[in-house]
Amino acid sequence: MNGRISLDTNIVIRLFKNDPDVTKTLATVSTFCLPIPVIAEILFTARNSFRQKENLKIYNEFIDACDVLDITRKTANHYSSIRLE
C-alpha cells in the first residue's frame with residue numbers, strides 16, 4: 001500500500017501503542033492524513049493523561065508530520081453521498 005491514508009482515532013492510538021498489525025499495515029504508507037476531529041481527540045487524550053507534557057510533545061510531533069484534513073460543507077456533502085453506497 002503506497003500513497004496517502006486517513007487515520008481514525010483508534011488506529012492512531014494503536015499506532016502509538018506499537019500494535020504489530022497496525023504498524024505492519026501502515027509501514028508502506030507514505031503519507032498519513034488526520035481529520036480535525038481525530039486531532040482533537042488525540043490532543044484531549046494527551047491532556048487527560050498523567051504524562052501530559054510528554055504526550056503533548058509526542059502527539060504534536062506526529063500531527064505535524066501528517067497532512068491535516070479540513071472539514072468543510074463540501075466534505076460533509078461528499079460523506080453523506082458515499083455513506084449511502
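Assorted remarks:
- Sequence-ordered 3J(HN,Hα) estimates for the stretch 29-34 from the Karplus curve with 6.51, -1.76 and 1.60 and θ = phi - 60° stand at 7, 8, 9, 9, 10, 10 Hz, glycine and proline given as x.
- Taking every DSSP helix (H) stretch of at least 4 residues in the chain, weighting each as -39,500 (n - 2.57) and dividing the sum by the residue count yields a mean residue ellipticity at 222 nm of -18000 deg cm²/dmol.
- Charge context of ILE11, other residues only, Cβ under 13 angstrom, K/R +1, D/E -1: -1
- Neighbours of SER49, meaning other residues whose beta-carbon lies under 14 angstrom from its beta-carbon, give a summed charge of +3 when Lys and Arg score +1 and Asp and Glu score -1.
- When peptides 41-52, 16-27 are sorted by average Cβ neighbour count within 10 Å, with the highest value leading, the order is 41-52, 16-27.
- Under the Debye formula (equal points on every Cα, no solvent term), log10 I(q)/I(0) of the chain at q = 0.13, 0.25 Å⁻¹: -0.48, -1.27
Taken together, the values in this text are just the output of simple stated rules run on the coordinates, not laboratory data. Predicted model, so just to flag it, every value in this text is computed and none were measured. No Cβ is skipped: glycine too gets one built from the backbone with ideal geometry, and neighbour counts run over all protein chains shown.
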